[in-house]
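*Asks:* Sharing a structure below in structure tokens format, with a few things to ask.
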Amino acid sequence: MRLPLIPHPSTAAVDGLTLEVEARRAGRALSLEYSLSGPVETVLWPSPAARVHTDELWRTTCFEAFAQTATGYVEYNLSPSGAWAAYGFDGYRQGMRNLAVPAPFIVTRAAPGRFVLTVDVELPEDATGAVGLTAVIERLDGSILYWALTHPSDKPDFHHSDSLALDLT
């Protein structure tokens with residue numbers, strides 16, 4: 001299923017960028033393909049990095065996924081650099097801990113006017129169908145765009161429970 005992400009209205013001008021995500025779930029595997037189109041040369045792309053768990057990836061260009069679990073939710077940060085992070089939460093921004101999952105293999109492709117990031121992440125056994133798909137896009141001028149399926153708050157907040165708006169069961 002291919003879905004458009006929308007920028008939060010309080011953030012910088014989009015200036016021709018569009019972002020879509022193709023999402024599929026098969027058991028515990030969540031397959032994602034983020035496709036950014038438009039003037040992608042205006043985006044600040046992180047330098048290639050090791051495929052290791054790295055904190056604070058969300059501070060710059062990063063693609064994200066959230067999934068509801070029986071006891072809270074999980075968050076995946078997927079950098080175009082190849083670095084990644086996965087966290088479990090007991091409740092809204094509470095009980096954050098590193099999530100023990102296999103390192104996802106992030107594949108990127110770039111062409112004029114288009115950037116694609118593809119990844120499969122392993123969901124916890126107790127993950128339900130509710131998913132939130134998001135992205136942080138930093139521009140070369142330092143402005144930041146916050147993209148999501150929906151924005152239930154007046155400020156960008158991907159952890160908001162209403163942001164988990166997609167049922168992939």
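*Asks:* Within the stretch 125-166, count every residue that is farther than 22 Å from Asp90 by Cβ and of a type in the set (Asp, Glu).
*Replies:* Summing the residues that are farther than 22 Å from Asp90 by Cβ and of a type in the set (Asp, Glu) in the stretch 125-166 gives 3.
*Asks:* Can I ask one more? Working only within the stretch 44-100, note down all residues that are of a type in the set (A, V, I, L, M) and within 15 Å of the chain's Cα centre (by Cα). Full working, then the answer.
*Replies:* First pass over the stretch 44-100, keeping only residues of a type in the set (A, V, I, L, M): 44, 49-50, 52, 57, 65, 67, 70, 74, 78, 83, 85-86, 96, 99-100.
Passing the criteria: Leu57, Ala65, Ala67, Val74, Leu78, Ala83, Ala85, Ala86.
*Asks:* Give just the number: which of (1) of a type in the set (A, V, I, L, M, F, W, C); (2) surrounded by 16 or more Cβ atoms within 10 Å (Cβ to Cβ); (3) under 28 Å from Pro39 (Cα atoms) does Leu140 not satisfy?
*Replies:* For Leu140, the exception is condition (2).
*Asks:* Every residue in the stretch 74-117 that is part of a strand (DSSP E or B), hydroxyl-bearing (Ser, Thr, Tyr) and either open to solvent by less than 20 Å² (accessible area, probe 1.4 Å) or on the phi > 0 side of the Ramachandran plot (or both), please.
*Replies:* The answer is Tyr76, Tyr87.
*Asks:* Any idea which residue in the stretch 54-73 is least open to solvent (accessible area, probe 1.4 Å), counting only those that are out of contact with any Phe, Trp or Tyr (no Cβ under 8 Å at 6 or more places or on another chain) and under 22 Å from Gly91 (Cβ atoms)?
*Replies:* For the stretch 54-73, the residue satisfying everything is Thr69.
*Asks:* Contact list please: Cβ distance under 6 Å, first residue in the stretch 4-18 and modelled with pLDDT under 95, second residue in a loop (DSSP other than H, G, I, E, B), pairs at least six apart or on different chains.
*Replies:* Pairs that qualify, where the first residue is modelled with pLDDT under 95 and the partner is in a loop (DSSP other than H, G, I, E, B), are Ala12/Ser143; Gly16/Gly38; Gly16/Pro39.
*Asks:* On to the next question. Which of the residues that make up the stretch 2-42 are within 23 Å of His159 (Cα to Cα) and open to solvent by 70 Å² or more (accessible area, probe 1.4 Å)?
*Replies:* Arg2, Pro4, Ile6, Pro9, Ser10, Thr18, Glu20, Arg24, Arg28, listed by residue number.
*Asks:* Still on this model: Is it the case that the stretch 43-53 has a residue that's of a type in the set (Gly, Ala, Ser), in a strand (DSSP E or B) and either open to solvent by 20 Å² or more (accessible area, probe 1.4 Å) or under 17 Å from Val131 (Cα atoms) (or both)? Can you show your working first?
*Replies:* Restricting attention to the stretch 43-53, the residues satisfying the condition of being of a type in the set (Gly, Ala, Ser) are 47, 49-50.
Narrowing further to those that are in a strand (DSSP E or B): none.
No, the stretch 43-53 has no match at all.
*Asks:* Can you tell me which residue is farthest from Ala127 (Cα to Cα) among those in the stretch 47-80 that are without any contact (Cβ under 8 Å) to a residue 40 or more places away in the chain and either aromatic (Phe, Trp, Tyr) or touching a helix residue (DSSP H, G or I) at 6+ places or on another chain (Cβ under 8 Å) (or both)?
*Replies:* Ranking the candidates gives Ser79 first.
The values are calculated or read from the model by the stated rules, or taken from the named source; none is laboratory data. Note that the structure is a prediction, hence the values are computed from the model and not measured. When we count neighbours, we look across all protein chains shown, and the Cβ atoms used for this are built from the backbone with ideal geometry, even at glycine. What goes into the accessible areas is simple: the full protein's heavy atoms, side chains included, and nothing from ligands, DNA or RNA. Shrake-Rupley method; radii C 1.70, N 1.55, O 1.52, S 1.80 Å.
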